[in-house]
Amino acid sequence: MTFAKSLESVLIPLGAILFALVLFGLFCAFAGANPVEVYHSIYRAAFGQWSSWQNTLIRASPLMLSALCTALPARLGLVVIGNEGALVLGGLGAIIAGLSLGESLPPWGVQTAMALLGMVFGGVWIALVGFLRHYRGVNETISSLLMNYIAIALLNHLVEGPMRDPSSLNKPSTFPLAVLNRLPDLPGTRIHYGLIYGLVACILAYILIQRTPFGFAARTTGGNIRAAQMAGLPVGRLILIICFLAGSCAGLAGMVEVAAVHGRANQSLNVGYGYGGILVAFVARHNPLAAALVSVLLGGILASGGILQRVHDLPDATVLVFQGLVFLVVLFSESLYQKEGV
Amino acid sequence: MTQALGWWGVPLAIAAGTLRGSIPFLFVSLGECLTEKSGKINLGLEGVLLTGAMSAYAVSYLTQEQLGSFFAPWCGVLVAALAGMALGIIQGWLCQQPRVNDVAVGIAMIIFGSGIAFFFGKPFIQPVAPRLIAFEWGNWSNLPQVQAALKVSPLFLLGALLAPLMQWFFTATRWGLLIRAVGDSPQAARAMGISVFKVRMLSIMAGSALAGIGGASLSLYYPGSWNELISSGQGLMAVALVIFAHWNPIQCFYASLLFGGSQSLGPALQSVGIDSYYYLFNAAPYILTLLIMILTCSPKTTIPGTPGALGKDNTP
Amino acid sequence: MMTPPPNLEIVHLSKHFGPLVALDHVSLRIKPGTFHALLGENGAGKSTLVKCVMGYYHPDRGDIVINGQSRTIDSPRRAHQYGVGMVYQHFTSIPAMTVAENLVLARYDRKNWLNWPQEYEALAAFLETTPFRVPLDVPVSQLAAGEKQKLEILKQLYLQSRLLILDEPTSVLTPQEADEVLGLLHQAVERGELSVLLITHKFREVTAFADEVTVLRRGAVAGQGKVADLGVADLAVMMLGEAKPPKVLNKTPWLEGETILELQDLHVLKDNGLEAVRGVSLRVGRGEIVAIAGVSGNGQKELVEVLAGQRSATGGRVTIQGQVYHATRREMLDYGVVALPEEPLRNACVPHFSVAENMALRTFDRPPQTRWGVWLILKAMRERAQELIQGFKVKTPSPETPMEQLSGGNIQRAVLARELSSPQIQLLIAANPCFGLDFAAVDYIHEQIVAARNRGVGVLLVSEDLDELLSLGDRILVISEGRLVYESPISEADLLQIGQAMAGHDHVHPQGQ
């Protein structure tokens, strides 16, 4: 990688985010808020002090895991956006494991079982997308989107029917997880262990893609499937494995949300970490390490949603508008690179 | 009455639901069909649908004093089309930049479009706006189910007319030929001196305007209110629907009826007391779409009718 | 009656691209009713010249004089106004649309509503005035190559072009189709209805059809005159400069050896679900080059894709040394199967990967490039690439340069290096390996293929270039409409029969073993 190229790969995304901030400022001004004050509020709410950092990092961990659900298949040239569905399924898997094991195992055993079942549920869900793509030619973007809706319907069906805790009135939910089995916080903070899961997953994903023959084969397939076929690479198997891994990351995000945040499975599982993860993956150009960083940024923006509403009287959809702007500008910035980059 | 009709209520309820529920599918799929004929996929129609629904409702509410409750919703429909067109300009420009993937732009436009819709739509969730008047052709009957099944929205008729019109447009007008040429072989079109950028831009804008009208039908006809959950993914399913319809506008019409009908399955069964699988029946359109795609797609061959350059990279 | 063809004079035309002189004071005149050939090698400036005439390029100096008046041509549309139209090398019709729709679309008028019965009547009447017969209501994708080429010419006639510029129109046709199309044009020229400027590098077409010829070499006119006054030898000297000795390939005499590759009743579908390969059986022996000729689109692409692992067969068997072959990575390594496809950047490389990474595609998952099966050793990849770059004389700034930045010839050299350096190769699948490459690269690649054959590698060579097949092959087969319809040892090959077989005329020579 030449110097100009590495400079470009830092400057262009940075410039894109700055430009999106400017556009967002104009939007806020148009909506009657002072842009400079809005920026300041976002900064304060996201990174201003230790407690806001903690809020940011709590939101960053499911984003990291969810982003991998898009970033990993992207290296194969697939646009998978089934993050929400895999996350919901992962949450369901986790609660099923957690409730059925009860207190028959020590907490770490239950937590491991929850994580594993969540990962298997999410993994199989996205592997199905990969299977349909490779063996039936079904467009993976559309099938994964449809499966989001199906997963949410399944969640609604279960929490309002067979798995419903009759005492959950306003918000139908499953029975709660035993307090003992909930994922603890890092010592001295409000941040749960999910952050460690997210960081480790991003680092492992990076190593897998960049430094192993498996990752090399995957990148070859994504770069030119015809060349990969000519080299005899097992394209179908690569797609299935990568999609399974991608889905299991999102599934783990669902497990983290269930085991550390909500303590039960309900509608709150689908609060936008799915779309957020897609955004993170694209902004990070599908690089897992960059995804960890971008997740912290987006986590901060999500954490500031409440402040915008309270202080500036902006609707909570403001954050959504901002995400959309960042996404659009980042996509445009792709056209500024000298050569194919991803 | 449901009791009196018994199980006969189910097909009637499905018929009524089909007429109502197929309208957004019809407009969005015709819009997507027009866009894809020019060789671009617009996944962002979901965002357009929401923006259309919000702007139509807001305009209908705000203009009711001046225009009266008959014309105000039609003014809303018009504004929804214009709002869709505005989003179409962003989509059309961005997805034609070098190395920019149209599917990715579509996802971004879903987020942006729904953001815009929710942002500006917040004040309009509570108020009640005048809705579009429907033709009531079932008043001869005293059964409400029959009346409902024969209640037809003018937008449905408009869409049903638009489908054959678009088919004619593609085969018998110069503009239609241009769009098909650009969608099938942009290189050849360019060699003929056709501006591929312009043709695609206009197709995407027109397609988005149609999707905007589809959104207006959601908020001004059925379900006839504005809230953030009003769309259930019709904008996304349109992409699958167009594949199922082999890029033929008339088949888009039939497919829309099928999808609209499948959407009314859950409520129809609930009306006769089957509600233990309500949520799963509500997922019927998604499951149906997925099944259709699994059955129609093949890894070895392309589907007949696929525009030759659909979803291919932008060549500068 | 029709307007007469224009009188076109090109006077001292020059065009530079940066430091490169593409055209250097080129002059030529096409009198009304003449068939003029523009002869030259790839890169001699033929395309640049006609692109200046058609208004795609603006010449730096010189004049274009039409019917005695100097004209500025700034777009193909302007050229059409003066009666000049171009028939492109690549078909410019829309595959999914019918012939009639394509003709109507090509028209420059602004008629927005089409009355099809009326249009069909007018088009049929127009076809009557031309020597070409093409069905109007058939989608272009279903036409044969010859018919597509006729449609391209028809489009220009339909636009009232009276001077047709044809850019290597016969490169995708069978010899018979080419003769028919050029013959019909020749007759129209003789009747005074048309002028033709034919861009070509085939001497035969010049001597058979053209009245006058201009030869370009390195952007300048190397000779001009009446074809009747010039011989092929003169033309060759003009085109190539100093007489170039034909390249001698050192082929060792071929001995019947064991069978490497055997296809039995192979059936393959193409993308649209129709059968592209319909029951092909053949064998390739050790140290043998089996050459497959055919007009493109007759199943050879799909056949090669099956062997290269890019497509699966729907019926029949592929065996290598008697073992069934599915084109898995394991089998490719064990049986020593390598491939040299056309357009290597599209078929055999990852464009944004570095040269070193591309060169490792066959070896990255084995020691020394992978340790313990899970860890890539990037240094080993780089060292291997450096060896190959030197050994096969690949011109690249460094092993880290992205493949897409190399020239076409060097990309194919890099692929050749990767494929032929594999251990114990037994079978090489080559498909148009020299398509679009310069002479030096072509010679090098031919040498390497023959050298591999001399070492005992079985080679299946598919090409659209008959000369290439005849000079390299030991045995020649012809594929037409998915079937092998001709087979002969190279020494007994009959050009006429090969041409007829390519055109799909009856089974000339029942395929016998």
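Derivation of every value follows stated rules applied to the coordinates shown; laboratory data play no part. What you are looking at is a predicted structure, and each value in this text was computed from that prediction instead of being measured. Glycine also receives a Cβ, built like all others from the backbone with ideal geometry; neighbour counts cover every protein chain displayed.
Distance from the alpha carbon centroid of segment A:264-291 to that of segment C:154-196 works out to 60 angstrom. Once a ≥ b ≥ c are taken as the square roots of the eigenvalues of the Cα gyration tensor of chain A, is the result rounded (a/c under 1.5), prolate (a/b larger than b/c) or oblate (a/b not larger than b/c)? Oblate, because a/c is 1.5 or more while a/b does not exceed b/c.
Which of the peptides C:293-303, C:415-425 is most tightly packed, and how do the rest follow, going by the mean number of other Cβ atoms within 10 Å of each residue? Let's see the in-between values first.
Working: C:293-303: 23.0, C:415-425: 19.7.
Going from most to least packed, we get C:293-303, C:415-425.
Estimated from the Cβ-Cβ distance and a Förster radius of 56 angstrom, the FRET efficiency linking B:A172 and C:R455 is about 0.35. The label point for C:E447 and the one for C:R330, both projected 7 Å from the Cα toward the Cβ, are 4.0 nm apart. Put a dot 7 Å past the Cα of C:V11, heading toward its Cβ, do the same for A:S104, and the two dots end up 9.9 nm apart. The phi-based Karplus calculation (6.51 cos²θ - 1.76 cosθ + 1.60; θ = phi - 60°) puts the 3J(HN,Hα) values of segment C:119-125 at 4, 4, 4, 5, 5, 4, 5 Hz, whole numbers, x for Gly and Pro. Taking B:I179, B:I294, B:I133 in turn, the Gaussian network model of chain B (Cα-Cα springs below 10 Å) assigns the largest fluctuation to B:I294. For chain A, adding -39500 (n - 2.57) for each run of n ≥ 4 DSSP H residues and dividing by the number of residues yields -24000 deg cm²/dmol at 222 nm.
In this structure the amide hydrogen of C:Y486, modeled in the peptide plane, comes within under 5 Å of the amide hydrogens of C:V478, none closer than 5 places in sequence on its chain. A helix-only calculation puts chain C at -9500 deg cm²/dmol for mean residue ellipticity at 222 nm, using -39500 (n - 2.57) for each DSSP H run of at least four residues, averaged over all residues.
Remark: segment A:231-236, residue by residue, has Karplus-estimated 3J(HN,Hα) of 7, x, 5, x, 4, x Hz, where x stands for each Gly or Pro and the curve is 6.51 cos²θ - 1.76 cosθ + 1.60 at θ = phi - 60°.
Let's see if you can work this out: charge +1 on each Lys and Arg Cβ, -1 on each Asp and Glu Cβ, no other charges. What is the dipole magnitude of chain C about its Cα centre, in debye to the nearest 20?
Its charge dipole is roughly 1340 debye.
Measuring from centroid to centroid over Cα atoms, what is the spacing of segment C:89-116 and segment C:321-360 in Å? A separation of 41 Å, based on Cα centres.
For peptide C:320-331, compute the average count of partner chain beta-carbon atoms within 10 Å of each residue's beta-carbon.
1
Taking a ≥ b ≥ c as the square roots of the eigenvalues of the alpha carbon gyration tensor, segment C:298-370 is oblate, as a/c is not under 1.5 and a/b does not beat b/c. Computed over the protein assembly as shown, the range of Cα coordinates on each principal axis works out to 102, 72, 61 Å, biggest value leading. Taking a point 7 Å out from the Cα of B:L158 in the direction of its Cβ, the residues of segment B:113-143 whose backbone N falls within less than 18 Å of it are B:129-136.
Given a Förster radius of 60 Å and the C-beta distance between B:L82 and C:T259 as r, what FRET efficiency does 1/(1 + (r/R0)^6) yield to the nearest 0.05? Approximately 0.30, to the nearest 0.05. Here the calculated FRET efficiency for B:S141 and B:L295, from their Cβ-Cβ distance with R0 = 35 Å, stands at 0.40, rounded to the nearest 0.05. Return one number: the angle in degrees, 0 to 90 and rounded to the nearest 10, between the long axis of the Cα atoms of helix C:378-391 and the longest principal axis of the Cα atoms of chain C. Helix C:378-391 sits at roughly 60 degrees to that axis. Mean-square fluctuation check for chain B, GNM, Cα pairs under 10 Å: which of B:N248, B:N139, B:N42 is largest? In the Gaussian network model the winner is B:N139. For chain B, return all DSSP H helices satisfying: extent of Cα atoms along own axis at least 30 Å; mean Kyte-Doolittle hydropathy at least -0.5. Span-like helices here: B:9-37, B:45-94, B:196-220.
Largest GNM mean-square fluctuation across A:A178, A:A45, A:A250, computed for chain A with C-alpha springs under 10 Å, falls on A:A178.
Residue by residue, segment C:427-435 carries 3J(HN,Hα) couplings of 9, 10, 9, 10, 10, 6, x, 10, 4 Hz when phi is fed to the Karplus relation 6.51 cos²θ - 1.76 cosθ + 1.60 (θ = phi - 60°); x denotes Gly or Pro. Here's how it looks for C:T370: its modeled amide H is under 5 Å from those of C:I377, which are all 5 or more places away or on a different chain. Mean partner shielding of peptide C:367-376, defined as the number of other chain Cβ atoms within 10 Å of each residue Cβ, is 3. Can you tell me the 0 to 90 degree angle between the C-alpha axis of helix C:175-190 and the longest principal axis of chain C, rounded to 10? Tilt of helix C:175-190: around 10 degrees. Would you compute, from DSSP H runs of 4+ residues alone, the mean residue ellipticity of chain B at 222 nm, taking -39500 (n - 2.57) per run and dividing by the full residue count, rounded to the nearest 500? Theoretical 222 nm ellipticity from helices: -23000 deg cm²/dmol. Taking Cα centre as origin and charging only the Cβ of basic (Lys, Arg, +1) and acidic (Asp, Glu, -1) residues, the dipole magnitude of chain B rounds to 680 debye.
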